[in-house]
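Visitor: Mind having a look at this structure? Questions to follow.
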Amino acid sequence: MSESISEAAAPEVAAVGLPSVRGVGAAPRKRNDFLYYGLRNKKLVFGLGLELILVLVALIGPMLAKYQPLQTTLPLQHPGSQHWLGTDLTGYDMYSQLTNGLRESYLIGALGAAFAAVVGMALGFIAGWRGGWVDELVQMITNVIVMIPSLVLLVVIGSYLSSRSILFEGAFIGLTTWPWVARAVRAQTFSLRGREYVELARLSGKRPVSIILKEIAPNMASYLFLAVILLFGSSMLIAASYDFLGLGPSGTVSIGWILNQAENGSALLYHLWWWFVPPVAVLTAMVAALLIANVGLDEVFNPKLREQ
Amino acid sequence: MTPTRSRNGRRWRYGTAAVAVLTLGVASACSSSSSTPAASGSSSASASGSTSASGSTSGGSSTLSFPRSETLYTSGTAYGPPVNWNPLDTGNFATGTQGLIYEPLYLYDPIKNQYDPWLASSAEASGWQGGKYVITVRSGIKWSDGQPMTAADVAYSINLARTNAADPYSANVASVANAVASGNTVTVTFKGTPGYTEFTDYLWKAPVLPEHIWKSIPASQIATTANKNPVGTGPMTLDTANQQEVAYQTKPDWWATAALGYSFKFKYLVDVVNGSNSQELGQLTAGNIDWSNNYLPGVNMLAGAQGGNSGYTLKFYGTASQHYMLSGNTVWLEPNTTKAPMNNVNFRRALAYALNPTAIAQAVYDGIASPAGPTGLLPTLQSAGYVNSSVVSQYAATYDPAKAKAALAQSGYTGQTLTLEAPQGWSDWNTAQTVIQQELKAVGININVIEPSSNQRTADLDSGKYDLALDNNAGLDSTPWSYFQRVYQLPISAQQNAQMNWERYTSTSDWNLVQQAATINPSNTSQLDSIYSTLEKDFLQQQPEIPLWYNGVWFQGNTQYWTNYPSSTGGNQNIPAMWAGYLGSMTSVIGLAQLTPAKAS
Amino acid sequence: MRRYLTRKLITYVLAFFVGVTLDWALPHFMPGDPIQGMLSKYNVGSNASYAALYQQFSSEFGLNVPLWQQYLNFWHGVLTGNLGVSIYENPASVTSVVFQAMPYTLALLVPAVLLSYTLGNRLGAAAARRRFLDNWVLPVGYIFQAIPYAGLALLVPFLFGSLWHLFPTSLGYSENLIPTFDWTFISSLLDHWFLPFLTVFIVSLGGWAIGMRNLVIYELENDSSRYLRALGASERVVRGYAYRNASLPQLSGLALQLGVVIGGNIVTEIAFQYPGLGSLIYKAISNEDYFLLQGIFIFIVIGVLLANFIIDLVFISVDPRTRLSMQGAAA
Amino acid sequence: MSVNVQNLSVAYRSRLGDVTAVDDVSFSLADGEIMGLAGESGSGKSTLGNALVFLDPRMKATGGKVTVDGRDLPIADNGAMRHKRMTEVSLVPQYAMSALTPTRKIGRLINDLLKSHHIKNRDEVLTELKRRLALIGLKEEVLGKYSFELSGGMRQRVTIIMSTLLNPSLLIADEVTSALDVSTQRAVGEMLLEFRDRGYVKSAIAITHDLSILAQIADSIAIMYAGRLAERAPTSVIVDNPLHPYTQALLNSLPEVGVRHDQALLTGIPGRPPSLANPPAGCRFRERCPFAFDKCTQTPPFEEIRPGHLVACWKVSQEQTAVTAGAGQEQA
């Protein structure tokens, strides 16, 4: 337990807590117990509820839009019945842009989290399971990646690419944030490796992959779940920064891109608040809801944390 | 928390504030140390300047600042910190290098379509004497180091361009045999037929250089040396420069005051390095910038603003019906004419029929840019009589989706998706891309919008690896010659590095006409008119480019401190641009000389 | 101790090597020719003068030698601090351009990181298991934490600048001043520094506060806290111990977080046109100044390595386990 | 009587309502007495012990009264309890291995605790501390070390020293030996005795699974079953002549000394302890008791059958009534 690294922060979303899960390896609690506390946890209910609403908006919202996100209409319309969230200088309908941007944010969040989780878990499990020089190597790579400033790297790569896809952005984000998952998974695997049931499985000649998948992973499922949630949120935030700098996917509308447009169009000085306040508010709500749900979930999985 | 910890905490907090102050202090030290060598001579000047500014001293320490009421702040031209005052380093020199420090022989006035003698004193047209050109150099002008400016300097400048390929004006003097100074005249002789058009361009575009300084610069570096101590004949001298701005000080004994009655009412001119659109707008409306040459989207919203928070009124060159801005250069849709279906004239005409410049200009610029005419020639050239209106009415393909579909049907277009390139981050062009995409979609042409980096885009266009691209042509000019050179130049090489004929359109007869036009004496207007009419007719019939809109000579002036800005309606009908190629070639300096302080001091 | 240090040292050296190599390789293997792009800004009349200029700049930027030699030259340049000439500020050297911008970035980053870290930790620790404070700190912390830098970099200037006219929203100091070391100039510096600082500070603050809150709750439920309570230790002592224990993961979190904060700082600087490295990166991109971009990248990598080193040192001084394992007391 | 516990009930809050883990428990300790408290996991023995020192926020005292040295011990009032802890009542926790914070040296930790209790003559206490360290064979350097530098046995001993430093009247020693190897167990047990003999603690409750260690150190032993006391008697009586059927079963199930009976469950007796969330009326051992009869549906009183020997069992009390009747005649 000398490595407190396992308790370190997720990128962007700082140390929202994934303090090393002390309940890991404890006998799995009853599912309805989770459900019971889950439904009574205000943070979880609020966070998930808000997130659900936003996901619905992302799914259904664009279908209700009267205009395409990149269709020019009357510029500078205030929010009203014709344009629910107004229009920008070019005459783009902000409602349409926002709901489509929301969709893209979720997509990026999912892609980023997926890439980071897959790479991070794979390397974390391998390092934690094999130990020795493999572990040293993985840790070394992890530490190196952490020290390469990813935004600057993207700036360098991105400025040479003529078109970038959503997949590229998601992959890039995932491939620069995995070290955090890898560290945590490694530490947990390390501590689970010595457990009796794992020893037993090992002695009975099971293959390492199946031990990891069947014995170790389920015991840190709740932990991994929390990690993925945080990655999801941080991917969306990172993507917003990239898009704001004009390094996002080309030809698509994202929340960061809307902010970029608002900045270019001097929305602040013309007091066109509807151009940038709703996107900021929505993205903040998306991420905050995830974070709140995350803490709620943590409390559900971990009885010690529940409010007293 | 133990008490010791909270004491630590307090220490931390003081510590962070101290760190901020300290690092910023270092920043200030670095910034001030970055001022140019000229600062050694001029910091005392600006310090003395500050003593006249009552509000800028505090706590007894004298602050080096520019007295606001005697300073003109400009912006919109510099995309990087001012580090270079070499007028031959055309891609790099600081705003004001050409115009405020170095001056040409003539200024071209696109609005009146005339040449104003500047360092030359005789009328421009009178210089052509047989196959020679004779320049009479204005007498009594001194370089800012006290040396007289003579005909020898003019001859030196021409011969430098003639003999050194690194000189950016070498193409202008390609036909020159020699330039010889004698007394106050310079006689330029030519190898065979003079390249009239290109040499005329030299007279107003190129700066006259001080021979006594330039001759010591190694030949390979004449266009790249930083020239941090510029010595010119212009109205100002370099004061200081740092990352954010360059400052010039008005010269009390500028030759044009005595000779032409022009003088700058401001003591300092500070040109601020460009920021983002919104920051420029903020600085402008806050009264921190007086004269802005930025493209500020939506700025026409402030046209009616009287007063506002800081009591300003924004002035534009034109009126609302003139789209506020003087038209400055033409933006084209550039088809790669070596690729199918763009190699089919019917397809190119279908593009022209399908696109509505009025709608595009309105959508992208919301009223501050004008839609382009069918020939793409700027309105100043049109008013100078270079656009043949009967040719236009007869051949122009103007917006008509039905005709577009008809033309498309005969174009061999099979529904494939074509790419449309514009550099990443050029937000107005990127918006235009989507509008064009929609308009072309409406007639059945499928477009995929791509935004490469601008280097990549340059490479694509140079090498002809593109389908369709947005591009703009050089700005205000005295003749349509460079416009058509840009359209028709041959031969086409693998790399079109000089950025001519990027659409790779091959028409030997048209290129011959362009070359012929260059060798016709400007006084032979009828022959020139007939050549240009033919070139326009071919342009409209063959549609090698599809003109879309005119980028404005973006200009907005804040009247808080200075008034009488250049305007199409007032007495100051001059070019309102500090851009390289405008300031120091056209009438911007005359426009600056007309500015008057807003408040009588 | 030797093992610990060796491992750290190898990591640092490796990170530096990878950083430098990536930095060198990317522009070389990406499409587009920087010189070609640079020359597109010139009014080059003919192919002949184009060729002359191209030749001139190629040799000036050292691009006219074989790749392996360019790579070695690059290393030589990195190690001697000679990173070549900036395209965009030609003929200024990349190093000098970077050094001019660096103080501004440090002035934002260092106080914002230190202040948000200390204050956030304190706030979070204070809020843990205290209903009233928690009800405030938690939601505000979440919102701060969830705001994208780009969003805050718009909202802050909108509120403090466009609406309330309290602070300037762009540049590093007011443009009617000439940089001098006097009070007027420094107060202008501070005036312009405040909003970008606030932006970076606020986003980080939420993260640290929430993180600390959660960690302290974990610690307060810990055996060692329970034992302290069972022995009648005052709540102050219990919390003090919990805070101290929770500081360790927060500190290693700080190291992991640096890259993100630097990214946020870049976004903020660009939005505020604050003349630090972030704005410089932006200018380098928009002017396609690869040499400058390379230089900035190197300096940021060095900065991150240094910061990591400092955090390592602090960690060692705070965490007895690491310290003692270094002294060889325990492997 | 240094410690007197009357009708103490402690409940856990749970999602299914309160779970009374300690139900109406009464006992008292004489000065110098070490009472062993034994029972299966979940019998409430740890809850009882902890409740006397530190009620977890998830626990609440639902009734009863505790006095120490004749003064009330306000166990339900966390604030009032604070200064009683370590000085009047103290705890050596079950989790002694992880009880010491990893980031402060032991000496600093102790010093902070003393400050927390506003101890004025701290120097004297620290001198005393060093003497006690020497007494149990620990070097003074221990104070300059971090917990992770100590072995398990050392940690256990350090916690005992810390917990008893201010000479509490009552020490709760919760499973102090479980985590240790057999030889260290003995040493720690002897240390407790020594501390009692020297008056460092006035009385103690040693909670353990391990009856064999109790036989070694305890003066008396109380057996707990399902939240209630089943039997309490001097150690020799419990070991040699247990009366409660549960105690008997418990002793019988021990295969040999040193093996903890939670590993070798009550193999002799079928069934499991009842749920405390909804305990059956009457004797809680009824379901598993081979001697159960109809009276067992009523709650048996915890009565003193002989001096110092209390049992809660109808069968025992019936038998003993007969015996004491005779004995009473004898005495009279």
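The values are calculated or read from the model by the stated rules, or taken from the named source; none is laboratory data. Nothing here was measured: the structure is a model prediction, and the numbers come from that model. Note that we place each Cβ from the backbone using ideal geometry, even for glycine, and neighbour counts take in every protein chain shown. Side chains included, ligands, DNA and RNA excluded: accessible areas come from the protein's heavy atoms. Shrake-Rupley method; radii C 1.70, N 1.55, O 1.52, S 1.80 Å.
Visitor: To make sure I understand the rule: partners must be lysines, Cα under 23 Å from the Cα of A:K42, and not fewer than 8 residues away in the same chain. Which ones qualify?
Guide: A:K30, A:K304
Visitor: Would you calculate the separation in nanometres between label points at D:H83 and A:K42, each defined as 7 Å from the Cα along the Cα-to-beta-carbon direction?
Guide: Calculated label separation equals 3.5 nm.
Visitor: Here's another thing I want to ask about it. By a straight-distance test (C-alpha under 15 Å), which aspartates and glutamates pair with B:K537 as possible cross-link partners, with residues fewer than eight away in the same chain excluded?
Guide: B:D510, B:D529, B:E545
Visitor: Next up: In whole angstrom, how long is each semi-axis of the equivalent ellipsoid of region B:63-119, when you take the square root of 5 times every eigenvalue of its Cα gyration tensor and sort them from largest down? Write down the numbers at each step before the final one.
Guide: Working: eigenvalues 130, 60, 26 Å².
Semi-axes (√(5λ), whole Å): 25, 17, 11.
Visitor: B:A406 label point, 7 Å along Cα→Cβ, cut-off 19 Å on backbone N: hits in region B:517-560?
Guide: B:540-543
Visitor: Using only the Cα atoms of chain B, build the gyration tensor, take square roots of its eigenvalues as a ≥ b ≥ c, and label the shape rounded, prolate or oblate: rounded if a/c is under 1.5, else prolate if a/b is larger than b/c, else oblate.
Guide: Details: a/c = 1.84, a/b = 1.23, b/c = 1.50.
Here chain B falls in the oblate category.
Visitor: What is the percent carbon and sulfur in the accessible area of the protein assembly as shown, measuring with a 1.4 Å probe over the protein chains and ignoring ligands? Before the final figure, lay out each step's value.
Guide: Numbers: 32500 of 56440 Å².
Roughly 58 percent of what the probe reaches on the protein assembly as shown is carbon or sulfur.
Visitor: I've got another one for you. Residues of A:173-185, mean number of Cβ from any other protein chain within 10 Å of their own Cβ, rounded to a whole number? Could you put the intermediate results ahead of the total?
Guide: Details: counts 0, 0, 0, 3, 3, 0, 2, 3, 0, 0, 2, 0, 0.
Going residue by residue through A:173-185 and averaging, the value is 1.
Visitor: Once the piece of chain linking B:T163 and B:A340 is laid out straight, how much longer is it, given 0.36 nm per residue of separation minus the C-alpha distance between them? The partial results should precede the final answer.
Guide: Values: separation 177, 0.36 × 177 = 63.72 nm, distance 4.28 nm.
59.4 nm is the gain from fully extending B:T163 to B:A340.
Visitor: Could you work out the relative contact order of chain C, using alpha carbon pairs under 8 angstrom and six or more residues apart, expressed as a whole percent?
Guide: 26
Visitor: Also: Under unit Cβ charges (Lys, Arg +1; Asp, Glu -1), what dipole magnitude, rounded to 20 debye, does the protein assembly as shown have relative to its Cα centre?
Guide: Working: 107 positive and 108 negative charges, 800 e Å.
Computed charge dipole of the protein assembly as shown: roughly 3840 debye.
Visitor: I would also like to ask the following. Just to verify a number: FRET efficiency for C:F99 and C:D191, C-beta to C-beta distance, R0 = 25 Å, to 0.05? If you can, show how the numbers build up before the last one.
Guide: Numbers: r = 24 Å, r/R0 = 0.94.
The pair C:F99/C:D191 has a calculated efficiency of 0.60.
Visitor: Would you be so kind as to identify which of A:A110, D:S9, B:A256 lies farthest towards the positive end of the dipole of the protein assembly as shown, taking Lys and Arg as +1 and Asp and Glu as -1 on Cβ and the Cα centre as origin?
Guide: Of the candidates, D:S9 comes out farthest on the positive side.
Visitor: Once phi is turned into θ = phi - 60°, what whole-Hz ³J(HN,Hα) does the Karplus curve with 6.51, -1.76 and 1.60 give for every residue of region C:298-313, x standing for Gly and Pro?
Guide: So the Karplus estimates, Gly and Pro as x, are 4, 5, 5, 4, 4, x, 5, 4, 4, 4, 4, 4, 4, 4, 4, 4 Hz.
Visitor: Turning to a different aspect of this structure: Probe radius 1.4 Å, ligands and nucleic acids left out: can you give me the accessible area buried at the C-B interface, summed over both chains, in Å² to the nearest hundred?
Guide: On the way: alone 18560 and 23990 Å², together 36270 Å².
Heavy-atom accessible area buried at this interface is about 6300 Å².
Visitor: Follow-up question, since we're still on this one. If you add up the charges near C:L324, with Lys and Arg at +1 and Asp and Glu at -1, over every other residue whose beta carbon is less than 14 angstrom from its beta carbon, what do you get? Walk me through the numbers on the way to the answer.
Guide: Working: positive: C:R3, C:R321, C:R323, D:R104, D:K105, D:K145; negative: C:D319, D:E141, D:E149.
My count for the surroundings of C:L324 gives +3.
Visitor: Sorting B:F484, C:F309 by accessible area (1.4 Å probe), largest first, what list results?
Guide: Values: B:F484 0, C:F309 100 Å².
Order by accessible area, largest first: C:F309, B:F484.
Visitor: Same structure, new question: Using 0.36 nm per residue, how much length does the chain from C:D223 to C:L133 gain when fully extended, once their Cα-Cα distance is taken away?
Guide: Between C:D223 and C:L133, full extension yields 29.9 nm more.
Visitor: What's log10 of I(q)/I(0) for region A:33-305 at q = 0.07 Å⁻¹, Debye sum over Cα points only, no solvent?
Guide: The computed values of log10 I(q)/I(0) come out as -0.32.
Visitor: Can you give me the distance in nm between label points at B:N178 and D:N278, each placed 7 Å from the Cα along the Cα-to-Cβ direction?
Guide: Going from the B:N178 label point to the D:N278 one covers 12.0 nm.
Visitor: Restricting attention to the alpha-carbon atoms of chain D, what are Rg (one decimal) and Dmax (integer), both in Å?
Guide: In order Rg, Dmax, the Cα atoms of chain D give 20.5, 67 Å.
Visitor: On average, how many beta carbons from a partner chain sit within 10 Å of the beta carbon of a residue in B:495-504? Each step should come with its number before you reach the end.
Guide: Numbers: counts 4, 1, 10, 11, 6, 4, 0, 0, 0, 0.
Neighbouring Cβ atoms belonging to other protein chains average 4 per residue here.
Visitor: Next up: Output the peptides C:61-67, B:154-160 sorted from most to least packed, where packing is the average of other Cβ atoms within 10 Å over each peptide's residues. All intermediate terms of the calculation are to be shown ahead of the outcome.
Guide: Details: C:61-67: 13.6, B:154-160: 24.6.
Listed from highest to lowest mean packing, they are B:154-160, C:61-67.
Visitor: How high is the relative contact order of region B:149-307, in percent, counting Cα pairs under 8 Å that sit 6 or more residues apart? Kindly include the intermediate steps, with their values, before the conclusion.
Guide: Numbers: 181 pairs, mean separation 22.2, N = 159.
It rounds to 14 percent for region B:149-307.
Visitor: Taking a ≥ b ≥ c as the square roots of the eigenvalues of the Cα gyration tensor of region A:206-308, is the shape rounded (a/c under 1.5), prolate (a/b larger than b/c) or oblate? Spell out each step's value before the answer.
Guide: Details: a/c = 5.96, a/b = 1.99, b/c = 2.99.
Oblate shape, in that a/c is at least 1.5 and b/c is the bigger or equal ratio.
Visitor: Another question about this same structure. Using a 10 Å Cβ count of at most 14 others and DSSP loop calls, identify the longest part of chain D lacking such chymotrypsin sites (Phe, Trp or Tyr not before Pro). Please report the intermediate quantities before stating the final value.
Guide: Values: sites that count: D:F291, D:F293.
Maximal segment without exposed cleavage sites: D:1-290.
Visitor: Pull out a ≥ b ≥ c, the square roots of the eigenvalues of the alpha-carbon gyration tensor of chain C, then state rounded if a/c is under 1.5, prolate if not and a/b is larger than b/c, and oblate in the remaining case. List each step's numbers first, then the result.
Guide: Numbers: a/c = 2.96, a/b = 1.60, b/c = 1.84.
Cα axes put chain C in the oblate bin.
Visitor: Can you work out the base-10 log of I(q)/I(0) for region B:192-345 at q = 0.10, 0.17 1/Å, using the Debye formula on its C-alpha atoms alone?
Guide: With one equal scatterer per Cα and no solvent, log10 I(q)/I(0) is -0.68, -1.25.
Visitor: Please state the equivalent ellipsoid semi-axes for region C:110-235: what are the square roots of 5 times the Cα gyration tensor eigenvalues, largest first, in whole Å?
Guide: On the way: eigenvalues 302, 54, 21 Å².
Square roots of five times the eigenvalues give 39, 16, 10 Å.
Visitor: Å³ per residue of the Cα convex hull, for the protein assembly as shown?
Guide: Details: hull volume 318.0 nm³, N = 1572.
About 202 Å³ per residue, rounded to a whole number.
Visitor: Among C:Y227, C:Q294, C:V200, which residue has its Cα furthest toward the positive end of the charge dipole of region C:101-330, with +1 on Lys/Arg Cβ and -1 on Asp/Glu Cβ?
Guide: Of the candidates, C:Y227 comes out farthest on the positive side.
Visitor: To the nearest 20 debye, what charge dipole does region A:33-305 have about its Cα centre, counting +1 at the Cβ of each Lys and Arg and -1 at the Cβ of each Asp and Glu?
Guide: 720
Visitor: Next up: One-quarter of the Cα convex hull surface for region A:95-235, in nm²? Provide the component values of the computation, followed by the final result.
Guide: Details: hull surface 40.0 nm².
Answer in nm², one decimal: 10.0.
Visitor: Non-local amide H neighbours of B:G328 (under 5 Å, H modeled in plane, Pro and chain starts lacking H): which ones?
Guide: Result for B:G328 returns B:N551, B:G552, B:V553.
Visitor: What FRET efficiency do you get for D:S26 and A:L64 if R0 is 51 Å and r is their Cβ-Cβ distance, rounded to the nearest 0.05? Don't skip to the end; give the middle numbers.
Guide: Numbers: r = 71 Å, r/R0 = 1.39.
E(calc), rounded to 0.05, equals 0.10.
Visitor: Separate question: What percent does the relative contact order of chain B come to when contacts are Cα pairs within less than 8 Å and at least six residues apart? Walk me through the numbers before you get to the answer.
Guide: On the way: 1221 pairs, mean separation 112.3, N = 601.
Across chain B, relative contact order equals 19 percent.
Visitor: Work out the charge dipole of the protein assembly as shown with +1 on the Cβ of Lys and Arg and -1 on the Cβ of Asp and Glu about the Cα centre, then indicate which of B:Y505, B:S383, B:Q283 is farthest towards its positive end.
Guide: Highest projection toward the positive end goes to B:Q283.
Visitor: With viscosity set to 0.890 mPa s and temperature to 25 °C, compute the Stokes-Einstein D of region D:147-241, Rh being the Kirkwood radius across alpha carbon pairs; µm²/s, no decimals.
Guide: 175
Visitor: Right, another one. In debye, nearest 20: dipole of region C:209-328 around its Cα centre with unit charges on the Cβ of K, R (+) and D, E (-)? Numbers along the way, then the final one.
Guide: Values: 9 positive and 9 negative charges, 107 e Å.
Once rounded to the nearest 20, the dipole reads 520 debye.
Visitor: Oh, and also: Local charge sum around C:Q56 (other residues, Cβ-Cβ under 13 Å, Lys/Arg +1, Asp/Glu -1)?
Guide: Values: positive: none; negative: B:D89, B:D167, C:E60.
Once positives and negatives cancel, what remains is -3.
Visitor: B:N446 versus B:S493, label points 7 Å from Cα toward the beta carbon: distance in nm?
Guide: Result for the modelled spin labels: 3.8 nm.
Visitor: Below 23 Å, Cα to Cα, which lysines can B:K132 reach? Residues fewer than 8 away in the same chain don't count.
Guide: B:K191, B:K205
Visitor: Given the options C:V216, C:V314, C:V301, which has the most mean-square fluctuation in a GNM of chain C, springs set between C-alpha atoms less than 10 angstrom apart?
Guide: Among C:V216, C:V314, C:V301, the largest GNM mean-square fluctuation belongs to C:V314.
Visitor: Need one value for A:266-279: mean number of C-beta atoms belonging to other chains within 10 Å of its residues' C-beta atoms.
Guide: Numbers: counts 15, 6, 15, 20, 9, 3, 3, 4, 0, 1, 5, 4, 0, 4.
For this peptide, the per-residue mean of nearby foreign Cβ atoms is 6.
Visitor: I would also like to ask the following. Rounded to the nearest 100 Å², what is the buried accessible area between D and C, both sides summed, probe 1.4 Å?
Guide: Protein heavy atoms only, the D-C interface buries about 2300 Å².
Visitor: How big is D, in µm² s⁻¹, for region B:255-366 by Stokes-Einstein at 37 °C and 0.692 mPa s if Rh is the Kirkwood radius over C-alpha pairs? Could the numbers behind the result be given before it?
Guide: Numbers: Rh = 18.1 Å.
Using the Kirkwood radius from Cα pairs, D works out to 181 µm²/s.
Visitor: Another question about this same structure. Grab the DSSP H runs of chain B that are 4 residues or longer, score each as -39,500 (n - 2.57), total them, divide by all residues and round the 222 nm result to the nearest 500 deg cm²/dmol.
Guide: Details: 18 runs with 197 residues, N = 601.
Result for chain B: -10000 deg cm²/dmol, rounded to the nearest 500.
Visitor: Oh, and also: Bin all alpha-carbon pair distances of region B:412-513 at 10 Å intervals from 0 and give each bin's fraction as a whole percent.
Guide: Bins of 10 Å from zero give 14, 37, 36, 12, 0 percent of pairs.
Visitor: Moving on. How much FRET efficiency would the formula 1/(1 + (r/R0)^6) give for B:D529 and B:T189, where r is the Cβ-Cβ distance and R0 is 45 Å, rounded to 0.05? Please list the in-between numbers first.
Guide: Values: r = 28 Å, r/R0 = 0.63.
According to the calculation, E is roughly 0.95.
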